[in-house]
1. Can you work out ³J(HN,Hα) from phi for every residue in the range 79-89, in order, using Karplus 6.51 cos²θ - 1.76 cosθ + 1.60 and θ = phi - 60°, giving whole Hz and x for Gly and Pro?
2. If we count every other residue with Cβ under 14 angstrom of Glu98's Cβ, Lys/Arg +1 and Asp/Glu -1, where does the sum land?
3. Roughly how far apart, in whole Å, are the Cα centres of the range 83-151 and the range 1-77?
4. I need the semi-axes of the equivalent ellipsoid of the range 2-175: take the C-alpha gyration tensor, multiply each eigenvalue by 5, square-root it, list largest first in whole angstrom.
5. So how much slack lies between Trp169 and Asn69, counting 0.36 nm per residue of separation and subtracting their Cα-Cα distance, in nm?
6. Hey, what do the phi angles of the range 101-110 turn into as Karplus ³J(HN,Hα) couplings, whole Hz, using 6.51/-1.76/1.60 and θ = phi - 60°, x for Gly and Pro?
7. Send over the Kirkwood Rh of the range 68-113, from the inverse of the averaged 1/r over different Cα pairs, rounded to one decimal Å.
8. Please state the charge dipole magnitude for the range 2-175, taken about the Cα centre, from unit charges on C-beta atoms (+1 on K and R, -1 on D and E), reported in debye and rounded to the nearest 20.
Amino acid sequence: MEMSDSRVIKAPREVVWAAILSPEVLKACVPGCTELTGTPEEGYQATVVQKVGPVKATFKGTVTLSNMNEPESLTLSGEGKGGAAGFAKGGADVSFKEVEEGTELTYAVDAKVGGKLAQLGSRIIDGFAKKMADQFFTNLQDAVEGPADADAAPEAEGEAAEEGKKKGWFKRMVSG
């Protein structure tokens with residue numbers, strides 16, 4: 001399964017680059033990630049809980065960063081084993097380009113599955129892989145940019161206020 005897309009993140013390229021190298025940001029961005037330890041140089045160990053169609057599994061695996069050409073491009077690769085559910089592995093070539101609005105992030109994703117997961121059929125797997133990639137890069141964008149309407153967040157109540165505080169936390173951390 002292969003797919004590609006791009007999005008503009010309203011932040012300098014160096015901030016977006018630093019975000020994607022941060023273990024805290026990666027853990028927050030990977031859907032279903034319950035644990036992530038390691039460093040960009042040595043790679044990360046991750047635990048991810050996901051439900052793909054009728055199959056729910058806990059994947060334990062690694063995430064590595066390679067082909068790092070700061071701050072222009074890198075490759076994110078991951079591989080996880082989900083016991084009886086099978087395995088998933090894939091990678092994303094990510095490039096960062098300065099544009100007037102901030103940073104254009106372009107990614108090309110390639111994913112493969114095996115075991116019970118592969119028996120679900122390509123339509124389910126392709127849809128799930130697309131959803132996971134979109135969610136990862138949306139989470140990255142939220143961590144860097146903050147809420148769409150930053151002025152409204154402080155007046156928001158309950159969960160909306162909490163969500164407003166969570167978003168943009170990485171950008172506040174590096175610029176604060």
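Rule-based calculations on the coordinates, nothing more; no lab input. The shown structure was predicted, so the numbers you read here are calculated from the model rather than taken from an experiment. Please note: Cβ atoms are built from the backbone with ideal geometry, for glycine as well, and neighbour counts cover all protein chains shown.
1. These are the phi-based 3J(HN,Hα) values: 8, x, 10, x, x, 5, 5, x, 9, 9, 8 Hz.
2. -3
3. Using only Cα atoms to place each centre, the spacing works out to 9 Å.
4. Output for the range 2-175: semi-axes of 28, 19, 15 Å.
5. 33.5 nm is the gain from fully extending Trp169 to Asn69.
6. 7, x, 10, 8, 9, 10, 9, 10, 10, 10
7. After inverting the mean inverse Cα-Cα distance, the result is 12.1 Å.
8. Using only the charged Cβ atoms, the result is roughly 1000 debye.
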